[in-house]
Amino acid sequence: MSDSAYFNQDCRLCPRLAAFLDDVKCQHPDYHARPVAPFGDPQARLLVVGLAPGMHGANASGRPFTGDYAGLLLYRALHDFGFSNQAESVNLADGLVLKNCRITNAVKCLPPQNKPTGDEIKQCNPYLAEEVKTLSAHSVILALGNIAHQAVLRAYGLKANTVKFAHHVCFELPDGNTLVSSYHCSRYNVQTNRLSVAMFAEVFQTVKRLLAEAP
């Protein structure tokens, strides 16, 4: 997807993140090491919002959830529920195509220790706010984790306490879209059984139902 109002490949508004990416690029010259663009169907009615690129995943490959553990469960679920033509996302040349789905992140740049600051999350939020405006009526936004959940609320101008984050919670947004929140499909959550394949599948069953019920 090309640069647009909701993505800027050359964004350096967060000094800490920009400097960190410069260092990463020096250490790993073949890595993408820049803001990671949203990926998928421009006309999608499902927008998946993650936290931020992973060091050896999206930051390396240039595609959200590609090349890291978190992508294993996500892309398998997208394939199982008809949003993807294949169950794995390996690299930009693997032939992966998303159908009626687009993936983005609350923070477009890799943060040190995978932990963006509150100011960095706020600084990046206008990109997400512009992106949600491109969704057609009765779309679904799937937020993976609490930071993504709060970022979506902020993108809509809502307070963080408008709806508390919890797994498999649905909330109707002011424009008629629906926010569905889930535990993040991180290695830690999966290996500690906080999030299982069955639990994630139940979330996607809800997503499919909401999209099918839309007028």
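Taking segment 183-201 as the range and being closer than 14 Å to ARG76 by Cβ and open to solvent by less than 30 Å² (accessible area, probe 1.4 Å) as the test, the residues that pass are CYS185, LEU195, PHE200, ALA201. Listed by position, the strands (runs of 3 or more DSSP E) contained in segment 101-215 that have at least 2 residues being in contact (Cβ under 8 Å) with a residue 60 or more places away in the chain are 101-105, 140-144. Looking only at segment 118-144, residues that are of a type in the set (Ser, Thr, Tyr) and open to solvent by 60 Å² or more (accessible area, probe 1.4 Å) come to 1 in all.
Within segment 145-155, is even one residue surrounded by 17 or more Cβ atoms within 10 Å (Cβ to Cβ) and more than 15 Å from VAL48 (Cα to Cα)? Yes, because at least one residue in segment 145-155 is surrounded by 17 or more Cβ atoms within 10 Å (Cβ to Cβ) and more than 15 Å from VAL48 (Cα to Cα).
Among the residues of segment 102-110, is there at least one that is over 17 Å from LEU46 (Cα atoms), at pLDDT 95 or above and charged (D, E, K, R)? The answer is yes, given that some residue of segment 102-110 is over 17 Å from LEU46 (Cα atoms), at pLDDT 95 or above and charged (D, E, K, R).
The values are calculated or read from the model by the stated rules, or taken from the named source; none is laboratory data. Just so you know, these numbers come straight off a predicted model, no measurement behind them. Virtual Cβ from ideal backbone geometry, glycine too; neighbours counted across all protein chains shown. Ligands, DNA and RNA are stripped out before the accessible areas are found, and what is left, the full protein with its side chains, is counted by its heavy atoms. Shrake-Rupley method; radii C 1.70, N 1.55, O 1.52, S 1.80 Å.
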